[in-house]
Structure formats: C-alpha cells, structure tokens
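Since every read-out is calculated from the coordinates, none of them should be taken as a lab result. All values derive from a computational prediction rather than experimental measurement. Counting neighbours? That spans all protein chains shown, and the Cβs are built from the backbone with ideal geometry, glycine included.
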Amino acid sequence: MMEKFKIDRKFWPLLVTIGLFLLLYAYGFFSYRGFSNPQVFFNLFIDNAFLLITSIGMTFVILSGGIDLSIGAVIAFTTVLSAYLSEDWGLHPLVVIPMVLLVGTLLGAVMGSIIQFFKVQPFIVTLAGMFFARGMCFVISTDAITISHPFYRTLSLFRIPLFGKTFIPINVVIFLVVLAAAIYLAHFTRFGRTVYAIGGNEQSALLMGLPVARTKVLVYTLNGFCSALAGVVFSVYMLSGYGLYTNGLELDAIASVVIGGTQLTGGVGYVAGTVFGVLIQGLIQTTIMFQGTLNSWWTKIVVGLLTLLFIMMQSAFASARRTRLAAKSIDKSADRLPVGETELVPDA
Amino acid sequence: MKPTTSLLKDLRHHSLFWPVVALLLIMLFNLLFTPGFFRLEIKDGHLFGSLVDILNRGAPLMLLAIGMTMVIATAGVDLSVGAIIAIAGAAAAVLINPALGRELVTSDKLIEDVTQTPLWLVILIPLIAATVCGLWNGILVSRANIQPMVATLVLMVAGRGIAQLITNGQIITIYYSPYFYIGGGYLFGLPFSLYIVAAVFLFAWYISRKTSVGLFVESVGTNASSSFYSGINEKNVKLLAYIFCGFCAGIAGLLISSNVKSADANNAGLWSELDAILAVVIGGTLMSGGRFSLVGSILGALIIQSMTTTIYAFGVPPEVVLVVKALVVLAVVLLYSELVKVSMDKLFEQKGVQP
C-alpha cells in the first residue's frame, strides 16, 4: 500500500499542518462572501509578516532543543529604539535600521553565550532577556512614540501590485527573503545540519566532532537578528514604537512552530511548517473576524487547543516511531544497533 | 585548614546562604538610603510600615512560590499560574455580581454592597476552578507525557481567553466589602493575607518534611524512572504537585482580586509565573528538579517584593523594575552555575590551605 504514495513518514506532521490550513481556508472560502478575495489571502502575510519572520528564527532555536522567550520583548524594544533614534536623535532610518538590527543580534549573541558557556537553562536566560528588553523599552520611553520620518512612511506605503487589485507591501518581500534564506540555511548548509544534530542529541553531536558550542550561540544570535528584523518590519507596519507592543508574542511564535510540526524536544521539523503554523493562526483570526459574533478571545482558546492537539499528535507519532524501531531491532537483534537509534528502549 | 575557613565554607554551601545575603543587602541598602523604611507604627490597631507592606504585597507571590517550588522540584515548571490567577479572580467577581458578566447594568446597582452568591461559595468555586486547572496541567504532564513547559503553555495561552470568557471581556469592579477582607483585612494587627500564606506554608512544609511526600517529590525530580522502579508512583507525585500549584495560584488570584477590588482578565497576574519561577530559583531550588527549599522560595519572593518596593520608594518609574529583575536573574543563575561555583571554591580554598 505504501508503495503507491511514497511519502516519507517524516513529512506526515508537515502534511497534516498543510492539510489543516487548506481545510480552514476552504471552510472560510465557502462560508463567507468576500473570503474568496485573493487579498484576504495576502493579508494573512501582511498582518503576520513580523510573526512569520520571528517564528522562523524561533524554529531554529527549537530545532536545536532550546527555547527563546525574549522575542516579543526584543521586537518591542526594536520598535522603541527605532522610534527614539529616528525621532529624538534625528538619525536617518538608513542608519537607524542597521543599528537596531545590530543591537538585537548582540542581545541574542549574549543570551546564547550565557546559555552555552555557563550551562544555564535557555528558559531562564531568555526570561531575563525578556525582562531586560521590556524594561529598557520603558527606560527609553513610557509612552508610544510616533515615527514621522518620511522614509518610514514611504516604506510603509510602498506596494507591489500583483494581479487584479491585489498587492503586497515591502514587509512581505522581506519575509519571503528571510524564508528563502532560512530554508537554505536549514537544509542546505553545514550549520543547518548541525542544528538538527544538536536537537536530536547534543551529546552525540559533540562526540561526532560537530561545533556544538559555536552553533548554539549562533542559533540564538540568528534568532536575535530575526526578532530585530521583525521589530523593524513591525515599526514600519505600525509607524510607532511602544514598550507594550507584541506582548506575549513569544507564545504565538512557539505555538506556530509547534503547529508547524516541529518537535519541541528538538531535532525534528521544517521551516516551511512554521510558516503554515503562523498562517493557520492568522486564518483562525480572520475567520473569527468574518464570523462577526464570536469574540476575539476565542482565538486564544482555539490556538491553545490546537497547540495541544499538535503536541499530542507529535507524541503519538514519536511513540509509533519508537515501536516501529523496536520491532525492527527485534527482527535483527543479532545485528548491532543501527547508528542513531539508541533511543530504542522506550522511557519508563 | 583554619576553622574559620571551614565555617565560611559551610555557610557558603548552605542552601539558604545567597538568598539571606541578598535579602540582608537589600535591607542594608534601605537602612542607609531610604528614610523611614524600618519605621513601624500602629494605626487603628493595625501595624503599618514598609516592612508590613512588603509582606502584604508579597503574599500572592509567596503563595505562588510555594506551589511552584513543588512543581519545579519534580523537574517541571508551571507557566499557567498567571492565567489561573486571572481565572480565579474572574470567577469570584462574576459570582459576586453575575449580571456584570453578561449585560450592562445601571451604576446604582453596581455599587451595592451585596453579593449574589454566599461568600463561602465565592471563595470555594474559584479555588475549585483553579484546582481543576492544576489537575488539567498535571494530567497533561503525568499521563500524556508532555513536556511540562509546553503542557502548561497551553493553559497559559488559553487560560486568559477562558478568564475573558467568564468576565465577558470586561474589567469587573467588586463592591462587596466582606470580600475585601481576604486581601486587605487585618487580623491581630497584621494583614490577613499573611495568615493565609502562613497556613499554606505550614501545610506544605508539614506534608513535605514530616511525611514521605517531600522525599517522593525530590526523588521524582532527581530521576523519575528510577523512582518508578523503586516503587514510587511518579505519575501521581507529579499530578499532585501540579494540583497543589494550581490551588496556590487560585488563592493568590483571590488575594489579588480582593486587594485591587476588581478582576481584570488580561492583566491580573500578568508575568507572575515568571516572578514565581524567579523566586524559586533565587531560593536555591534548581530548575532541573530534585532538592527543594520552601523557606528559600519564601525568601526569594520576599527578595523580589522588597526590591520592587525599594525601587518604588525611590520614585523610579515602575517599569525599570523589569530591568533590575533581569539583572538579578542573571546574577543569580550565574552564581548558581557550575563554572562560578568551581572557581569560587578554588578561590576560597587557595587562601585556606597552608603550604
């Protein structure tokens, strides 16, 4: 039976995610007038561009078996810093944007170094990073700062027309570039393979002679950069900087990554899945908006339950895989164990 | 080796050494720079002063820290306590005035000093709701074998939605004065909340130090599978820890909503899960589980609260507290990290040993 559709089992979670997305979209498409407008589809990208970018960074962190709770705060900090530098200091955005990107990247690098070299749990370090970045927002300004520089305005109004009346703004272009770079990085470079190896089993990655320390620091650095870039995109989107922006975004990003089929224990998952994870959340929001009578907090509940569902599914897949491997190993118990299947024995 | 050095070493290796030092440092700082910090006065038979204030305001955090200690000791973490606080507060507020949840009512009806539900139910039902939340977390962690961080993340995201569902998205103000006693009343001159904290603490301490439960928790946290093989029902130990944590968060939710006289589904207990974890970590319980210290967690909560109060006393914008907290977390985790511990030992021992 399996010979007919030769889809590798490892793609199943990804396919489930894409299937769910298509299902949700079809539901909206046939239930609501106006949903069929292609611009509704593009709006998913436009409204979630910053979340998409930062979730891609988060995917790498989770693939490596870590977690980053600081991204929402780093995005807010980037918007505040951009607004402050361009408004109060009067710097040109072309100077401001590289500066804030550098600051975000540095924050990520520092957190990564502490995680790696002091052997502190990523959870705690990035929690501190989150407090720090949020606090720094308010040290700079407790109020929202409007960005009035014409360059930002031009950027935010810049639209690339597509077929019909549809368009995409520059934010989506940035996202597409990030996505392409991330897929290349994850699946076609040594760095990407090392990230997967660390997530699979850090000890064996180390014993294989992979540059574990460097890669781990780099993963958090990359995530810092992605968050800062998402912050730049968000400041263009909102045309202001405020310390309360993107509160709790780290959870949305983690949920997107999980819904996208990446295992939170690390080592398994795809960047493309994360994109669909974000889009599914966007679709739920859009559907609830179109529906009109449901309150927006249903989004939270549905996203929470969906996350749970996907986690359950992952553990089901994982235990099915373990049973399969165990069965395989009994078949050829005389042979030595194949490499990479050391987790044959199910946990008690 | 000189005896003083070994005494110093013993002290330094005592689990409560750093928390006590930190608390003393904050107090010393206040003694020097904050005038009137240690002044206590009696007004209307109640004790007033910054110290009492710290204890009173720190009460919810201390409760959370007690519950969180148990969870972290089983090598878990509970991220949903903030959401549980919101749920408990929302439930209490809606029980006091159910009309508010669903419809708009005239303002004269709003400010009536009555409750629609008997007070004992107003207290009991939110606590049951919170305990059920804890049960849910516990089942996900112990039975569905989901990583604690992820399992509780679900309720952290969905819980605020549930709380908003209860309050219908409004911030509900409470006008029922007997309810205020829980978080703002005084008994024998001390805030009533302190007695609640003391009761919960004594219960947790008794259970974990005078019965074998504490030993079970530590053994599950150190190595869940080997505890299983030595006959400990590790699943139920974990389940109980999460239930207890949810229960503590429920009490904290009642205290907070009673103290601020309202229920805000969005902001009640916001980031309190992080504060609670921070308190536990400052108190010397390792995030990796195993040995835990309830006293340490209480000290941790007090450190966080006195730090906050100190910063407020200086008229610094409250948001700056976050930056200070971040630096404290960093300092604490670095102090506890292996690298620093080893190098500190080297530093002290070199001085002690006579060639």
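Quick one: grab the alpha carbon gyration tensor of segment B:129-287, order the square roots of its eigenvalues as a ≥ b ≥ c, and give me rounded if a/c is under 1.5, else prolate or oblate depending on whether a/b is larger than b/c. Oblate. Each of A:Ile145, A:Leu44, A:Val217 was scored by the projection of its Cα onto the charge dipole of the protein assembly as shown, and the greatest displacement toward the positive side belongs to A:Val217; charges sit on the C-beta of Lys, Arg, Asp and Glu. Packing order of peptides B:23-32, A:196-205, highest average first: A:196-205, B:23-32 (average count of other Cβ atoms within 10 Å over each peptide's residues). Distances between placed amide hydrogens fall under 5 Å for B:Ser262 paired with B:Ile174, all partners being 5 or more residues away or on another chain. Helices assigned as whole DSSP H runs in chain B whose Cα atoms extend at least 30 Å along their own long axis and whose mean Kyte-Doolittle hydropathy is -1.0 or higher are found at B:119-142, B:234-260.
The mean number of Cβ atoms from other chains found within 10 Å of a Cβ in peptide B:313-322 is 4, as a whole number.
For segment B:153-277, the dipole from Cβ point charges (+1 on Lys and Arg, -1 on Asp and Glu) about the Cα centre works out to 200 debye, to the nearest 20. Compute the helix-to-body angle for A:190-200: its Cα long axis versus the longest principal axis of chain A, expressed 0 to 90° and rounded to tens. Roughly 60 degrees, rounded to the nearest 10.
From the square roots a ≥ b ≥ c of the eigenvalues of the alpha-carbon gyration tensor of segment A:139-235, which class results: rounded (a/c under 1.5), prolate (a/b over b/c), or oblate? Oblate shape, in that a/c is at least 1.5 and b/c is the bigger or equal ratio. The alpha-carbon atoms of segment A:43-279, seen along their principal axes, cover 54, 46, 27 angstrom, with the largest extent given first. When the chymotrypsin sites (Phe, Trp or Tyr not before Pro) in segment B:114-210 are filtered for DSSP coil states and for at most 16 other beta-carbon atoms within 10 Å of their beta-carbon, the remaining sites are B:Phe188. Using a cutoff of 8 angstrom between alpha carbon atoms and counting only pairs six or more residues apart, the relative contact order for chain A works out to 30 percent.
The C-alpha atoms of chain A define a longest principal axis, and helix A:12-31 lies at about 50 degrees to it.
So between B:Ser177 and B:Asn223, what do we pick up on full extension, going 0.36 nm a residue minus the alpha carbon distance? Show your work: numbers first, answer last.
Details: separation 46, 0.36 × 46 = 16.56 nm, distance 4.85 nm.
Using 0.36 nm per residue and subtracting the Cα-Cα distance, I get 11.7 nm.
Computed from phi, the 3J(HN,Hα) profile of segment A:255-272 under the Karplus parametrisation 6.51, -1.76, 1.60 (θ = phi - 60°) reads 4, 4, 5, 5, 4, x, x, 7, 7, 5, 7, x, x, 10, x, 9, 5, 4 Hz, with x in place of Gly and Pro. Between A:Ala181 and B:Leu124, the modelled label-to-label distance comes to 6.1 nm, taking each label 7 Å out from Cα in the direction of the beta carbon. In summary, the convex hull built on the alpha carbon positions of segment A:74-198 has an orientation-averaged projected area of 10.6 nm². Under 5 Å from the amide H of A:Ser240 lie the amide H atoms of A:Ile147, each residue being 5 or more positions distant or on a separate chain, with H modelled from the backbone and absent for Pro and chain starts. Only helices enter this figure: runs of n ≥ 4 DSSP H residues, each worth -39500 (n - 2.57), summed and divided by the residues of chain A, yield -24000 deg cm²/dmol at 222 nm to the nearest 500.
Mind pulling the angle between the C-alpha long axis of helix A:170-188 and the longest principal axis of chain A? Nearest 10 degrees, somewhere in 0 to 90. The two axes meet at around 20 degrees.
Rounded to the nearest Å, what's the spacing between the alpha carbon centres of segment B:174-202 and segment B:227-287? Just the number, please. Answer, in whole Å: 19. Positive end of the dipole of chain B (Cβ unit charges, origin at the Cα centre): among B:Ala163, B:Phe216, B:Leu40, the Cα lying farthest that way belongs to B:Phe216.
Let a ≥ b ≥ c be the square roots of the eigenvalues of the Cα gyration tensor of the protein assembly as shown; is it rounded (a/c under 1.5), or, if not, prolate (a/b larger than b/c) or oblate? Because its axes are fairly even, with a/c under 1.5, the protein assembly as shown counts as rounded. The equivalent ellipsoid that matches the C-alpha gyration tensor of segment A:224-265 spans semi-axes of 24, 11, 8 angstrom, in descending order. Inter-part distance, segment A:273-297 to segment A:239-265, computed on C-alpha centroids, equals 15 Å. Within segment B:217-323, the chymotrypsin sites (Phe, Trp or Tyr not before Pro) that combine a DSSP coil assignment with at most 12 other C-beta atoms in a 10 angstrom radius are B:Phe314. Note on B:Val342 and A:Ala318: their simple-model spin labels are 3.0 nm apart, each label 7 Å out from Cα toward Cβ. Database remark: amide H of A:Ile168 closer than 5 angstrom to the amide H of A:Ile160, A:Leu162 (H placed geometrically; neighbours at sequence offset of 5 or more, or on other chains; Pro and chain starts carry no H). Each residue of segment A:49-55 is assigned a 3J(HN,Hα), and the resulting list reads 3, 5, 5, 4, 5, 6, 5 Hz, derived from the Karplus form 6.51 cos²θ - 1.76 cosθ + 1.60 (θ = phi - 60°), x at Gly and Pro. Taken about its Cα centre, chain B carries a charge dipole of roughly 820 debye when the Cβ of each Lys and Arg holds +1 and the Cβ of each Asp and Glu holds -1. In this simple spin-label model, placing a label point 7 Å from the Cα along the Cα-to-Cβ direction at both A:Phe118 and B:Trp205 gives a separation of 3.1 nm. Think of the protein assembly as shown as a dipole: +1 on every Lys or Arg Cβ, -1 on every Asp or Glu Cβ, centred on the Cα centre; then among B:Val132, B:Val320, A:Ile170, A:Ile170 lies furthest on the positive end.
Lysine pairs in chain B with Cα distance under 13 Å, only those 8 or more apart or on different chains: how many are there?
Close lysine pairs found across chain B: 4.
Our analysis of chain B gives Rg over Rh at 1.01, with the two radii drawn from alpha carbon positions and Rh computed by the Kirkwood formula.
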